[in-house]
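Trainee: Take this structure first; my questions come after.
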Amino acid sequence: MDLGLTGRTAFVCASSQGLGLACATALAREGAAVTLNGRNAEKLARVAHELRDSFPGARVDYVAADLNTAGGRAAILAQLPEVDILVTNNEGPKPGGLESWDEAALIGAMEMNMIPAVQLMRAYIPGMRARKFGRIVNITSAMVKSPRYFMGLSTAARTALTAISKAVAREVVADNVTVNNLMPEKIDTPRQDAIAAHFMKTEGLTRDQVRARTVSTIAAKRFGEAAEFGDACAFLCAAQAGYISGQNLQLDGGTYEGLI
């Protein structure tokens, strides 16, 4: 299927690795001009070069900037004032419990997993509406629907983003601007290693033991692949996806037990 992305411009937050990179890869493959983002310029340059090698003719650039700061977001907008596609993403807070959720931790979670996405939407949506095309995909978490105690900070901030995105989606869809959320769970990325490290430390387990226990909880009995996630993102950005907005798509190997 031709997704109609050739010539479209895309900015993918936190895309030097993991789910962000998977989305950037799928968009570059489909013909979009992709700008990567992260804090490490050297790593970004290497990843951009690898994508160009993988997809000859692909237009891949990068901007090294910290999404968590107003200055970092200003640098992004200075280099890339308009885009057709925005994929928001950021690292999440460290796993923990109630004893660690002081005011600074709560504010920090919002500064990572809610505020940057909303501020970038504010910047890019007016141009999208004027051009009558825009696709916004927020990478949130399956725990928005199924909260887990040790990931409470991440869940809370991403749920706030989910709520405001739903409100925005209803306002802008008449201009062919869609806002959707991808909700990953147990995708095999560096984030899984960070979560495994938490349980290795708190429960004295080996990495293999943690991973085996995790897989046993997944209905598909395997971790998800980053490429599967990237392809889902690419479809939500497609020309054909203009009637899909305000939705939360779970990529969890069929694990979620609810109906909606």
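Trainee: Order of 30-39, 17-26 by packing, highest average Cβ count within 10 Å first? Please list the in-between numbers first.
Mentor: Values: 30-39: 23.3, 17-26: 25.2.
Answer by packing, highest mean first, reads 17-26, 30-39.
Trainee: May I pose another question? For region 114-131, just list the computed ³J(HN,Hα) in residue order, Karplus coefficients 6.51, -1.76 and 1.60, θ = phi - 60°, integers in Hz, with x standing in for Gly and Pro.
Mentor: Coupling constants for region 114-131: 9, 4, x, 5, 5, 5, 5, 4, 4, 6, 9, 4, x, x, 4, 5, 5, 8 Hz.
Trainee: Taking the 0 to 90 degree range and rounding to the nearest ten, how far is the long axis of helix 41-54 tilted relative to the main principal axis of the chain, both from C-alpha atoms?
Mentor: 70 degrees
Trainee: With the crude spin-label approximation of a point 7 Å out along Cα→Cβ, what separation in nm comes out for residue 260 versus residue 107?
Mentor: 3.7 nm
Trainee: Could I ask something else about it? Any idea what angle helix 226-236 forms with the longest principal axis of the chain, computed on alpha-carbon atoms, 0 to 90 degrees, nearest 10?
Mentor: 40 degrees
Trainee: At a Förster radius of 30 Å, what calculated FRET efficiency corresponds to the Cβ-Cβ distance of residue 69 and residue 188, to the nearest 0.05?
Mentor: Values: r = 30 Å, r/R0 = 1.00.
Given R0 = 30 Å and the Cβ-Cβ separation, E is 0.50.
Trainee: Could you pull out the GluC sites (Glu not before Pro) across region 50-143 that fall in loop regions by DSSP (anything but H, G, I, E, B) with no more than 15 other Cβ atoms inside 10 Å?
Mentor: Details: sites: 50, 82, 91, 99, 103, 111; in loops: 82, 91.
Filter output for region 50-143: 82.
Trainee: Further, regarding this structure: Cα axis of helix 70-79 to longest principal axis of the chain: angle in degrees, 0 to 90, nearest 10?
Mentor: Approximately 40 degrees, to the nearest ten.
Trainee: Please report the carbon-and-sulfur percent of the accessible area for the chain; probe 1.4 Å, protein heavy atoms only, DNA, RNA and ligands left out.
Mentor: Working: 6860 of 12230 Å².
Here it works out to 56 percent.
Trainee: So what is the diffusion coefficient of region 107-260 in µm² per second by Stokes-Einstein at 10 °C and 1.306 mPa s, using a Kirkwood Rh over Cα pairs?
Mentor: On the way: Rh = 16.7 Å.
Translational diffusion coefficient: 95 µm²/s.
Trainee: Going by a 4.7 Å Cβ-Cβ cut-off, which cysteines of the chain have no partner at all?
Mentor: So far as the 4.7 Å Cβ criterion goes, 13, 237 stand without a partner in the chain.
Trainee: Could you sort 186, 94, 221 by accessible area so the largest value comes first, with the probe set to 1.4 Å?
Mentor: Details: 186 45, 94 175, 221 120 Å².
Solvent-accessible surface, decreasing: 94, 221, 186.
Trainee: Measure out, as a whole number of angstrom, how far apart the alpha-carbon centroids of region 127-179 and region 1-75 sit.
Mentor: 20 Å
Trainee: Just how large is the dipole of the chain about the Cα centre, in debye to the nearest 20, putting +1 at every Lys and Arg Cβ and -1 at every Asp and Glu Cβ?
Mentor: For this selection, approximately 200 debye.
Trainee: Next question. Along the charge dipole of the chain, which of 189, 51, 11 sits closest to the positive end, that is, farthest toward it, with unit charges on the beta carbon of Lys, Arg, Asp and Glu (+1, +1, -1, -1)?
Mentor: 11
Trainee: Diagonalise the Cα gyration tensor of region 58-180 and give the resulting equivalent ellipsoid semi-axes, square root of 5 times each eigenvalue, largest first, whole Å. Write down the numbers at each step before the final one.
Mentor: Values: eigenvalues 148, 62, 26 Å².
Three semi-axes, in Å: 27, 18, 11.
The values are calculated or read from the model by the stated rules, or taken from the named source; none is laboratory data. Remember, it's a predicted structure, so these values are computed and weren't measured experimentally. Because the Cβ atoms are built from the backbone with ideal geometry, glycine has one as well, and the counts that use them run over all protein chains shown. Each accessible area value is taken on the protein alone, full model and side chains, heavy atoms only, with ligands, DNA and RNA left out. Shrake-Rupley method; radii C 1.70, N 1.55, O 1.52, S 1.80 Å.
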